[in-house]
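J.: Below: one structure in structure tokens.
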Amino acid sequence: MFEKKVVLSETIQGGHGLSVKISKGQTLVIKDLVGEQIVDFIAFAADDFTKYLSVSHTRSTYDKYHLEIGDTLYTAEHEPMIRIVEDSCGVHDMSFPSCNKYIYNNMGIADHRSCQSNFAEDLVIYGIEEWMLPDPIHFFQNSPNMQMLPNHSKQGDYVKLEFLIDAIIAVSACPFDRNGINGGKPTSIQLTIEDNE
Amino acid sequence: MVNELIELVNEKVVSEVIVPPGQGASIEVKAGQFLKVVDVEGGQIADFYVFVRPDLREYLSISHTRFEIRRFYLLEGDTLITNFHRPIMKLLEDTCGIHDMSYSACNQGYYKEKYGINETVPNCRTNIAKALQAYGIEEWRVKDPLDLFQYSPGMVNMIGKNRPGSYVKFEFLLDAVAAVSSCPEFELIHGIPATPLRLILTEPK
């Protein structure tokens with residue numbers, strides 16, 4: 001029996017983000033603790049921030065818009081980066097940009113937290129600036145044909161990712177709180193990193 | 001035809017650039033000018049990129065544009081959006097009507113991973129980086145293209161049927177540099193030779 005060693009377990013408040021380093025071979029579980037919460041996710045190679053998880057290159061590899069267990073997530077050089085090992089929800093988005101201050105400003109809302117500003121704040125220590133941010137995967141976001149519909153994720157739904165390279169990742173429990181998105185109120189998520197053996 | 005006559009009366013040509021088959025080229029555009037991308041012989045995909053001058057950190061973002069128009073395709077009158085979420089261009093005319101906003105540009109890794117091609121081959125991402133070399137834009141900054149004239153309904157990449165002379169015409173709202181690649185994918189994969197594209201820059205008389 002292999003004992004899996006938890007190397008990090010962190011709860012992130014709704015509307016906030018976190019960045020963390022993950023080593024090749026480790027797994028990351030992203031759990032929706034309350035339900036209906038979108039989690040924006042981006043990733044960079046740990047030693048080279050010009051290599052990033054690219055949703056468009058992942059789409060192009062598989063000729064599809066959705067993710068399935070077993071899929072590999074690719075960099076913009078089409079190098080394998082992450083593998084989807086488990087997924088209890090099954091509905092995620094790979095088409096939207098991160099929400100950002102401009103989108104909230106256009107809605108007449110000043111000084112709203114955004115996934116993009118969460119990422120920028122959390123990644124500045126690595127020298128990654130806001131303009132460099134790639135498009136995210138929106139775990140648990142339900143957006144067929146670019147609509148924004150209530151998410152399918154229930155309390156405790158999760159995705160489990162296996163890392164194929166050393167990486168820096170950032171997640172944001174999306175702060176969007178209009179039109180019933182994120183259940184109408186952003187809620188907490190949990191990150192768990194485990195060594196594989 | 002009527003549009004072309006109106007153009008003749010109202011606009012003057014500033015410059016023209018030919019994008020060689022399977023290669024890339026760039027052209028500087030000022031706010032208020034118009035850029036036409038013409039598929040000269042038909043059936044040719046044009047990977048299209050725009051970076052805002054002088055701050056080249058801002059670029060045409062396909063995901064931000066999708067967000068604003070809430071669809072995966074363009075219609076005449078649509079405004080395209082940058083990664084700073086600012087309007088950058090307006091699609092004034094489109095005689096083709098079918099473009100892709102889902103695929104990445106082809107690159108070396110794409111041909112290797114998807115088709116098992118290991119040797120160095122021409123590809124859109126490198127073409128665009130080369131065309132923008134003078135601006136200091138490195139290849140990692142070449143993100144998602146607008147794939148003009150690409151027919152990929154539901155991410156099924158089909159061989160395009162756009163007619164010779166099909167074009168799109170954009171009005172630029174910001175100073176920018178546009179880069180275009182005549183995509184070599186169908187030549188590499190299906191043996192259909194890549195063909196040239198023409199960029200025509202005009203401004204009001």
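Each reported figure results from applying straightforward, stated rules to the coordinates on display, with no laboratory input. Source: prediction; values computed, not measured. Please note: Cβ atoms are built from the backbone with ideal geometry, for glycine as well, and neighbour counts cover all protein chains shown.
J.: What list do you get for B:V9, A:V91, A:V7 if you sort them by fewest beta carbons within 10 Å?
T.: Neighbour counts put them in this order, fewest first: B:V9, A:V7, A:V91.
J.: A follow-up question, please. Pairs of alpha-carbon atoms within less than 8 angstrom and 6+ residues apart define the contacts here; what relative contact order does chain B have, in percent?
T.: Relative contact order, chain B: 45 percent.
J.: Would you please put B:93-100, A:54-61 in order of how densely packed they are, using the mean number of other Cβ atoms within 10 angstrom per residue and starting with the highest?
T.: Ranked from most to least packed, the peptides come out as A:54-61, B:93-100.
J.: Then there's this: Could you please rank A:C115, A:C89, A:C99, placing first whichever residue has the fewest other Cβ atoms within 10 Å of its Cβ?
T.: Lowest count first: A:C89, A:C99, A:C115.
J.: Based on alpha-carbon centroids, what's the gap between region A:105-156 and region B:147-205 in Å, whole number please?
T.: Taking the Cα centre of each part, region A:105-156 and region B:147-205 sit 31 Å apart.
J.: On to the next question. Which FRET efficiency value, to the nearest 0.05, do you get for A:D71 and A:Q13 by plugging their Cβ-Cβ distance into 1/(1 + (r/R0)^6) with R0 = 25 Å?
T.: 0.30
J.: OK, next. Using Cα positions and a limit of under 12 Å, work out the aspartates and glutamates in reach of A:K4, with same-chain residues fewer than 8 apart set aside.
T.: Filter leaves A:E194, A:D195, A:E197.
J.: Mind checking which lysines have their C-alpha under 25 Å from B:K112, skipping anything on the same chain fewer than 8 residues away?
T.: Cross-link targets: A:K24, A:K51, A:K64, B:K130, B:K143.
J.: When you look at the Cβ of every residue in A:67-80, what mean number of other chain Cβ atoms sits within 10 Å?
T.: Across A:67-80, the average partner-chain Cβ count within 10 Å equals 3.
J.: How high is the relative contact order of chain A, in percent, counting Cα pairs under 8 Å that sit 6 or more residues apart?
T.: Here the relative contact order equals 46 percent.
J.: How about region A:89-137: which GluC sites (Glu not before Pro) there are in a DSSP loop, with at most 15 other Cβ atoms within 10 Å of their Cβ?
T.: Those satisfying the criteria are A:E129.
J.: To continue, here is another question. Using Cβ contacts closer than 10 Å as the measure, can you line up A:D195, B:D47, A:D135 from fewest to most?
T.: Ascending number of Cβ neighbours within 10 Å: A:D195, A:D135, B:D47.
J.: Suppose R0 equals 35 Å; then what is the FRET efficiency for B:N118 and B:L92 from their Cβ-Cβ distance, rounded to the nearest 0.05?
T.: With a Förster radius of 35 Å, E is 0.25.
J.: Can you work out the FRET efficiency for the pair B:A31 and A:N179, with r the C-beta to C-beta distance and R0 = 45 Å, to the nearest 0.05?
T.: So, using R0 = 45 Å, E works out to roughly 0.85.
J.: Taking amide H positions as placed 1.01 Å from N in the peptide plane, with prolines and chain starts having none, which residues 5 or more places from A:K51, or on another chain, fall under 5 Å of its amide H?
T.: The list, which skips near neighbours in sequence, is A:A45.
J.: Please give the net charge around B:E139, taking every other residue with its beta carbon less than 13 angstrom from that of B:E139, where Lys and Arg add +1 and Asp and Glu add -1.
T.: With Lys, Arg at +1 and Asp, Glu at -1, the net is +2.
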